[in-house]
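J.: The structure is given below, and queries will be raised subsequently.
Read-outs throughout are calculated quantities, based only on the coordinates presented, and are distinct from any laboratory measurement. The model shown is predicted, which means the values in this text are computed figures rather than measured ones. Using ideal geometry, Cβ is built from the backbone for each residue, glycine included, and neighbour counts are taken over all protein chains shown.
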Amino acid sequence: MRMIIYIARNFLAIAFLFLFFQSGFTQEEKEPKLQVSGYIKYLTSYNVTTLKTPFLSYDTTLADNFIHNRLNLKYFATPKLTFSLEARNRIFYGERVRATPGFADQIDQYNGLADLSVRWLETESAFIHSIIDRAYIDYTSGKWNVRVGRQRINWGINLVWNPNDLFNALNFLDFDYEERPGSDAIRVQYYPGALSTAEIAFAPADSIEQSVGAALYKFNVKGYDVQVLAGYYRGDLALGTGWAGNIGGMGLKGEATFFTPLEPSSDTVNSLGISATGDYLFGNGLYLSGAFLYNSQGKNSDIASALTNLNSTSNISSKNLFPAEWAFVTSLSGNINPLLAVNGSVIYSPGNHLTAIVPTVTYSIKENWDIDLVGQTFLMELFDSYQHLSTSVFLRLKWSY
């Protein structure tokens, strides 16, 4: 009950703030060379964490608030040349900020070559932060495309886990970052045919050991899209492949990447990630999907400590997409009516019986206005008992412009 009262109170208070923003930003639609878009979101959350050990019992509740503005600027200088700049402006305040040591340092992280972030305010219970997560020049001519700057390079095929995504691995549980992380990189693409693509990309870092550079080739074989890749990944040679097609109306996708150290030593090992997805859309609009992940790095993962950041993207890499050796997920989604959509996902890892239950309800209030209710519950076997670890409930209001 306390959770429901807290969320309702904060939601009503912030609704007036959003109405104010809407009146200030509404303008006539035009088609200029400069396009401006973005959104304003308010997210309130309530978290209950429990842990029972032979020595102590841990039980805490934390409330949190988050205001997020995104500004996207795109300038079409010529039919071939485009400039893009996108920024995130975020205000964090509440109990989680106060209770998390080094909270600002955890937020102010970006694996880029340049520091494009600003800490506007940092107190015990509040943090205001801005970061430019897209800044690139895009040039297209004929069959060629060149993009230079901070950008997203998405080589993944699967819906949840992407071993092929060398540059920008994503976290399925980080639902509030729709744009996903980017890289400071150079990317060159060539389209030799309607169903084939060849590309090469390089993301430099402060040291060559942390840099990523790879080539990818996509082609089509009898209705199946296939890709192969090879490159350098932070000290490893990376070799991968992926495919996508369908059988009898069921979509099938798969990815695999093998990593082997270029300079083997006692603390470096080979790594293999394999993931596959199957999905099906029923005639009544229900969408069912299932996937699995094999992660050889997960054999040595400290799952209990990893759970504290399981819905964060900062600790995810294509070599270690989930803190377990095996993981399975199933999702079912559909529309109750044109304005109301529901989704339910369950992740299960047999090693420690780690289970994540993620229900989502989305309602379209009006054009450009959406409200989401998201839950995340984690359970796992610890100290010879199956325990509830944490439950978080998120209420999000979003206005897009």
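J.: Considering the stretch 125-197, what Rg and Dmax in Å follow from its alpha-carbon atoms?
T.: 15.2, 55
J.: Of Met380, Met250, how do they rank once you tally other Cβ atoms within 10 Å and put the fewest first? Don't skip to the end; give the middle numbers.
T.: On the way: Met380 20, Met250 13.
In increasing order of surrounding Cβ atoms, one gets Met250, Met380.
J.: Which loop trypsin sites (Lys or Arg not before Pro) in the stretch 208-261, with loop taken from DSSP, have no more than 13 other Cβ atoms within 10 angstrom of their Cβ?
T.: On the way: sites: Lys218, Lys222, Arg234, Lys253; in loops: Lys222, Arg234.
In loop regions of the stretch 208-261 (DSSP not H, G, I, E or B), the sparsely surrounded trypsin sites (Lys or Arg not before Pro) are Lys222.
J.: Over the chain, what is the mean sequence separation of C-alpha contacts under 8 Å (at least six apart), divided by residue count, expressed as relative contact order in percent?
T.: 12
J.: Among the trypsin sites (Lys or Arg not before Pro) within the stretch 29-74, which fall in a DSSP loop and have no more than 11 other Cβ atoms within 10 Å of their own Cβ?
T.: When the trypsin sites (Lys or Arg not before Pro) of the stretch 29-74 are filtered for loop state and at most 11 Cβ neighbours within 10 Å, Lys30, Lys33 remain.
J.: Could I have the simple spin-label model distance between Phe175 and Lys299, label points 7 Å from Cα toward Cβ, reported in nm to one decimal?
T.: My value for the distance between the label points is 3.5 nm.
J.: In addition: May I ask you to list the chymotrypsin sites (Phe, Trp or Tyr not before Pro) in the stretch 326-376 that are in a DSSP loop and have at most 12 other Cβ atoms within 10 Å of their Cβ?
T.: Numbers: sites: Trp326, Phe328, Tyr348, Tyr363, Trp369; in loops: none.
Loop-located and lightly packed - none at all.
J.: At what distance in nm do the modelled label points of Arg119 and Ala63 sit from each other, each positioned 7 Å from its Cα along Cα→Cβ?
T.: 2.7
J.: Leu166's amide H: which non-local residues (gap 5+, or another chain) put their own amide H closer than 5 Å, with H modeled 1.01 Å from N in plane and none for Pro or chain starts?
T.: When sequence neighbours closer than 5 places are left aside, the close amide H contacts are Trp155.
J.: Continuing with this model, one more query. Could you work out the helix-only [θ] at 222 nm for the chain, with each DSSP H run of four or more residues adding -39,500 (n - 2.57) and the total divided by the number of residues, to the nearest 500 deg cm²/dmol? Let's see the in-between values first.
T.: Numbers: 4 runs with 38 residues, N = 401.
Rounded to the nearest 500, it is -2500 deg cm²/dmol.
J.: Something else now. Can you give me the distance in nm between label points at Lys74 and Gln35, each placed 7 Å from the Cα along the Cα-to-Cβ direction?
T.: Here the answer is 0.3 nm between the modelled labels.
J.: Give me the Debye-computed log₁₀ of I(q)/I(0) at q = 0.10 Å⁻¹ for the chain, equal point scatterers on Cα only, no solvent, two decimals.
T.: -0.78
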